[in-house]
Amino acid sequence: QPIYLSDYTPPEYLVDQVELTFRLAPSATRVISKIRFRPNPEAVSKRFFLHGEGLATISSTIDGAPVTPREVEGGIEVDAPDAPFTWEAEVEIDPKANTALEGLYMSNGMYCTQCEAEGFRKITWYPDRPDVMAPFTVRIEGDEPVMLSNGNPTASGDGWREWTDPWPKPAYLFALVAGDLVAREDSFTTMSGKHVDLRLWVRPGDEGKTAFGMEALKKSMKWDEEVYGREYDLDIFQIVAVSDFNMGAMENKGLNIFNTSAVLCSPETSTDANFERIEAIIAHEYFHNWTGNRITCRDWFQLSLKEGLTVFRDQQFSADMRSPSVCRISDVLSLRGRQFREDNGPLAHQVQPDSFVEINNFYTATIYEKGAEVIRMLKTLVGDDGYRKALDLYFERHDGQACTIDDWLKVFEDATGRDLSQFRRWYKQAGTPRLKVTETWDDGTYQLTFTQTTPPTPGQAVKEPQVIPIAVGLLGPNGDEVRETQVLEMTEGTQTFTFEGLSARPVPSILRGFSAPVIVERETTPDERAFLLAHDTDEFNRWEAGRSLAKEVLTGMITGGDAPQAAYLDALATMLRDDSADPAFRALALQMPGEDDIAQTLFDAGMTPDPDAIHEACETLKQARAEYLQDLLPRLSADMTVSEPFEPNAEQAGKRALGLQLLKLATRLDGGKAAQAQYEAADNMTHSLGALACLLDAGKADAALAEFRERWKNDALVMDKWFMLQVSHAAPAEAAATVERLTKDPAFTMKNPNRFRSVFGAFAGNPAGFHQKDGSGYALLADWLIRLDPINPQITARMSGAFETWKRYDADRQDLIAGELDRILATPGLSRDTAEMVGRIRGAE
Ligand code: ARG
Ligand code: ZN
């Protein structure tokens with residue numbers, strides 16, 4: 001039952017106009033549709049087919065005459081004229097029973113929708129595919145105080161509101177929200193002087209958490225005008241916060257719907273990381289107005305056309321609002337943690353897949369984050385001017401269309417004259433390329449030779465060489481930069497680049513700014529890494545040098561090989577003492593590599609990672625770091641004190657981040673004294689949560705946890721943190737028991753995705769706890785996935801990704817996991833979402 005890209009055919013009928021009426025009732029909402037269809041001249045058949053799922057049809061007519069649709073797989077077929085006609089239907093749906101949170105559902109007493117990718121078909125009969133675009137008029141009838149839909153408000157009366165969206169859009173961008181809501185109101189004047197009303201809607205009581213989101217929205221609107229020349233195109237732009245939401249947020253035209261966790265924030269309840277993420281997601285959804293809505297996708301195989309581009313745009317925005325190098329390091333950390341992990345396991349897939357079973361399973365790090373990296377490389381290759389020209393042409397040529405990734409590449413070819421046929425492989429080849437580097441030095445001439453290989457991925461055994469932009473700089477022996485950054489363009493399997501006229505053998509700084517999503521493999525010494533950590537002018541590679549050094553120490557400790565601990569600790573101290581370096585940078589450089597990252601690294605080197613041994617090594621190294629750096633702590637911690645009132649800006653956040661890293665070190669030496677003091681004195685969530693984490697590590701958190709719970713029991717987003725922290729900081733042998741205890745807490749519910757994720761996402765993110773040898777972690781997660789699947793297939797499928805790394809581990813663990821995967825697969829009535837994911841993870845025997 002997979003769907004194939006190569007099977008695409010144009011829609012048989014196009015839609016000129018949609019009129020919808022909603023008569024709201026929690027368990028019996030009526031949806032009345034009146035749709036103007038016309039045959040598509042490009043169509044290859046004349047079949048009139050409408051998608052629909054779980055709809056109770058009350059009536060259906062064509063041009064006023066009743067018709068009897070034939071039920072077929074996924075929808076209905078009706079005999080229709082080979083000329084324009086009007087389809088009318090009335091259906092009944094049950095928002096209250098909708099726990100899958102797709103289509104029209106109720107969350108926390110309000111009505112809301114999620115239609116991407118294929119949720120609209122749960123609302124009414126419709127050609128629910130992105131290449132069918134139409135203007136919508138929506139009338140909402142009900143007694144809810146606030147009733148919203150896409151576009152501009154055009155009429156209203158007692159018990160009804162009408163909204164009109166003049167911009168043709170696919171059904172996945174439809175939205176409706178109704179309930180008891182209050183708005184933060186503001187406005188924006190566009191570059192051509194148009195006034196736009198801004199509304200951020202929340203449940204009464206949450207008004208105090210809307211200021212930052214509104215500012216982020218206005219900054220995003222301005223930035224898109226300045227950097228991309230894109231202006232907003234309706235009289236009003238609205239955001240609604242809902243507490244039950246499968247993803248972060250959704251870019252519905254003029255009416256973005258957000259998970260509360262992705263928009264609501266305040267200093268007392270949110271961490272610096274929350275603020276940063278919220279700013280990025282608000283920007284992301286806003287930017288979709290042009291890259292996603294005005295220009296949309298022809299079909300779901302083109303998903304990265306809008307998502308890769310929009311992630312790239314939100315990354316550019318964050319870099320402009322904050323520190324570019326710190327943003328880049330964070331982006332790469334998450335790329336490696338999620339996308340490389342995916343790319344190196346059974347779920348590896350192309351940025352443009354050839355087939356899928358359930359599209360919801362393809363909202364992945366590969367489509368989003370690797371997609372963004374591909375666009376970043378494209379920009380590096382064509383230059384800033386070429387990129388701007390190409391984007392201008394993209395908006396000019398394709399406005400109002402449903403496009404393909406090939407359309408996107410063609411725009412770059414036409415605007416810059418570059419042939420992108422080889423570059424296109426980045427979209428079609430799955431897997432993370434390995435880039436081997438060797439070097440020679442001979443009397444002033446230095447040569448770098450690169451060899452690229454991409455390991456096989458499911459369904460793709462052989463890979464062709466890709467175009468890899470490798471940004472390289474050279475440093476002289478005393479740390480001066482003797483060659484500034486230049487971009488080497490690699491196109492062959494193996495390629496050599498020569499640098500002449502050097503007076504001494506240089507130290508290379510390779511893949512500056514992480515110029516391509518590849519894994520660099522190069523034999524080097526701890527001294528050279530320490531040298532780069534001290535001297536590289538490229539902040540990313542400075543950080544990378546420290547990171548690699550830490551990983552070498554850890555892998556050495558685990559495998560009983562060389563562990564250059566002294567060199568590492570010394571380099572760390574030197575880096576920390578460098579007061580000219582941004583505290584945020586120093587905080588990142590001090591952050592330990594993750595245990596999952598070490599497991600992948602060992603596996604790549606041909607070893608079988610032992611999660612307990614990795615955890616032990618990390619603990620030992622953390623203690624060694626604390627002892628080695630202890631003299632530095634008092635002075636540095638004092639320097640990180642923020643005396644001004646809390647602001648969620650990059651400067652203050654950087655100080656708090658480094659302060660927290662230092663507190664972690666101090667906790668290893670004082671058993672939690674400083675953390676307890678910080679917990680008691682904290683006047684912001686970054687400080688209290690950071691201190692609470694340290695107390696958990698020190699085994700001294702009981703009182704603070706109880707106090708925290710009592711104080712925040714009515715704030716769901718803060719309670720999510722309370723759940724999450726206990727699981728992610730549980731000792732390996734106690735993690736499963738902690739999860740079990742927390743699932744019995746009265747505040748636990750599996751119906752709320754945030755709450756479920758805060759427990760089970762944290763569990764999957766605690767590798768030593770999840771991978772306990774006895775398999776208790778595997779069985780526990782499988783039990784809950786089986787329980788959740790009938791309620792919310794999307795979240796179940798997503799969380800099953802916890803098992804995606806299973807082939808790294810020993811035979812015993814693999815057997816245990818295989819048993820759990822088979823148990824899930826054998827569950828009667830398993831959803832298509834979960835069946836596809838778990839089936840792909842399990843793989844062919
Ligand atoms: N387009 C949304 C965004 O990137 C995400 C929607 C995801 N929906 C889904 N069913 N997986 O902001
Ligand atoms: Zn998006």
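Couple of notes before you dig in:
- Some residue of segment 240-252 being buried (at least 23 other Cβ atoms within 10 Å of the Cβ), more than 13 Å from ligand 2 (Cβ to nearest atom) and more than 19 Å from the chain's Cα centre (by Cα): yes
- Scanning segment 270-304 for residues that are within 11 Å of ligand 2 (Cβ to nearest atom), among the polar types (S, T, N, Q) and under 13 Å from residue 130 (Cβ atoms) yields a single hit, 293.
- Of all residues in segment 88-113, those satisfying the criterion of being more than 14 Å from ligand 1 (Cβ to nearest atom) and assigned to a strand (DSSP E or B) are 88, 89, 90, 91, 92, 93, 104, 106, 107, 110, 111.
- Residue among 365, 319 that is within 15 Å of ligand 1 (Cβ to nearest atom) and of a type in the set (Gly, Ala, Ser): 365
- Residues considered: 774, 812. Of these, the only one that is surrounded by fewer than 19 Cβ atoms within 10 Å (Cβ to Cβ) and in a helix (DSSP H, G or I) is 812.
- Test: residue in segment 209-220 that is in contact with a strand residue (DSSP E or B) (Cβ under 8 Å, 6 or more places away or on another chain), crowded, with 16+ Cβ neighbours inside 10 Å and assigned to a strand (DSSP E or B): no
- Pairs, first at pLDDT below 95 in segment 563-576, second surrounded by fewer than 20 Cβ atoms within 10 Å (Cβ to Cβ), C-beta under 6 Å, six or more apart: 563/556
- Search result, residues across segment 468-488 that are part of a loop (DSSP other than H, G, I, E, B) and either surrounded by 19 or more Cβ atoms within 10 Å (Cβ to Cβ) or free of Cβ contacts under 8 Å to residues at least 24 places away in the same chain (or both): 478, 480
- Hits in segment 813-834 - residues which are of a type in the set (Lys, Arg) and over 23 Å from residue 99 (Cβ atoms): 813
- Listed conditions (1) away from ligand 1 (no atom under 16 Å from the Cβ); (2) touching a helix residue (DSSP H, G or I) at 6+ places or on another chain (Cβ under 6 Å) are all met by residue 262, apart from (1).
- Among helices (runs of 4 or more DSSP H) entirely within segment 552-619, having at least 1 residues that are more than 30 Å from the chain's Cα centre (by Cα) singles out 565-577.
- Pairs linking a residue in segment 291-311 that is more than 10 Å from ligand 1 (Cβ to nearest atom) to a residue that is of a type in the set (Phe, Trp, Tyr) and assigned to a strand (DSSP E or B), with Cβ atoms under 6 Å and 6 or more positions apart or on different chains, do not occur.
- Enumeration of residues in segment 737-765 that are surrounded by fewer than 18 Cβ atoms within 10 Å (Cβ to Cβ) and among the charged types (D, E, K, R): 740, 741, 744, 745, 751
- Residue check, residue 625 closer than 21 Å to residue 766 by Cβ and surrounded by 18 or more Cβ atoms within 10 Å (Cβ to Cβ): yes
- Residue count, segment 40-72 (criterion: in contact with a strand residue (DSSP E or B) (Cβ under 6 Å, 6 or more places away or on another chain) and more than 30 Å from residue 143 (Cα to Cα)): 9
- Which listed residue is among the small types (Gly, Ala, Ser), in contact (Cβ under 8 Å) with a residue 60 or more places away in the chain and within 16 Å of ligand 2 (Cβ to nearest atom), from 365, 348, 372: 372
Every residue, every condition in (1) in contact with a Lys or Arg (Cβ under 8 Å, 6 or more places away or on another chain); (2) aliphatic (A, V, I, L, M); (3) farther than 27 Å from residue 387 by Cα, yes or no:
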residue: 223; (1), (2), (3): no, no, no
residue: 226; (1), (2), (3): no, no, no
residue: 237; (1), (2), (3): yes, no, yes
residue: 240; (1), (2), (3): no, yes, yes
residue: 247; (1), (2), (3): no, yes, yes
residue: 256; (1), (2), (3): no, no, yes
residue: 259; (1), (2), (3): no, no, yes
residue: 269; (1), (2), (3): yes, no, yes
residue: 272; (1), (2), (3): yes, no, yes
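- Hits in segment 279-313 (condition: among the acidic types (Asp, Glu), buried (at least 24 other Cβ atoms within 10 Å of the Cβ) and more than 28 Å from residue 600 (Cα to Cα)): 279, 285
- Evaluation of residue 100 against the conditions (1) of a type outside the set (Ser, Thr, Tyr); (2) at positive phi; (3) modelled with pLDDT of 95 or more shows that the sole unmet condition is (2).
- Flag if residue 122 is out of contact with any helix residue (DSSP H, G or I) (no Cβ under 6 Å at 6 or more places or on another chain) and surrounded by 18 or more Cβ atoms within 10 Å (Cβ to Cβ): yes
- Residue pairs whose Cβ atoms lie under 8 Å apart, sitting 6 or more positions apart in sequence or on different chains, and linking a residue in segment 114-126 that is in a helix (DSSP H, G or I) to a partner that is acidic (Asp, Glu) and away from ligand 2 (no atom under 16 Å from the Cβ), are 120/128; 121/53; 121/128; 122/53; 122/102.
- Number of positions in segment 671-705 that are buried (at least 22 other Cβ atoms within 10 Å of the Cβ) and among the acidic types (Asp, Glu): 0
- Of all the numbered requirements in (1) in contact with a Phe, Trp or Tyr (Cβ under 9 Å, 6 or more places away or on another chain); (2) surrounded by fewer than 23 Cβ atoms within 10 Å (Cβ to Cβ), residue 734 misses one, and that requirement is (1).
- Scanning segment 637-657 for residues that are surrounded by 13 or more Cβ atoms within 10 Å (Cβ to Cβ), more than 32 Å from the chain's Cα centre (by Cα) and more than 15 Å from residue 678 (Cβ to Cβ) yields one hit, 639.
- Residue 428 meets the stated requirement of being under 30 Å from residue 345 (Cβ atoms) and among the charged types (D, E, K, R).
- Applying a threshold of 6 Å to beta carbon distances and a minimum spacing of six or more residues, or different chains, the list of pairs starting in segment 226-252 at a residue that is touching a residue at least 40 places away in the same chain (Cβ under 8 Å) and ending at one that is away from ligand 1 (no atom under 15 Å from the Cβ) and of a type in the set (Lys, Arg) reads 238/199.
- Residue that is surrounded by the fewest Cβ atoms within 10 Å (Cβ to Cβ), among those in segment 130-174 that are more than 19 Å from residue 295 (Cβ to Cβ) and among the small types (Gly, Ala, Ser): 157
- Scanning segment 244-259 for residues that are aliphatic (A, V, I, L, M), near ligand 1 (Cβ under 9 Å from one of its atoms) and closer than 19 Å to residue 212 by Cα yields a count of 2.
The values are calculated or read from the model by the stated rules, or taken from the named source; none is laboratory data. Note that the structure is a prediction, hence the values are computed from the model and not measured. Every residue, glycine among them, receives a Cβ derived from its backbone with ideal geometry; neighbour counts consider all protein chains shown.
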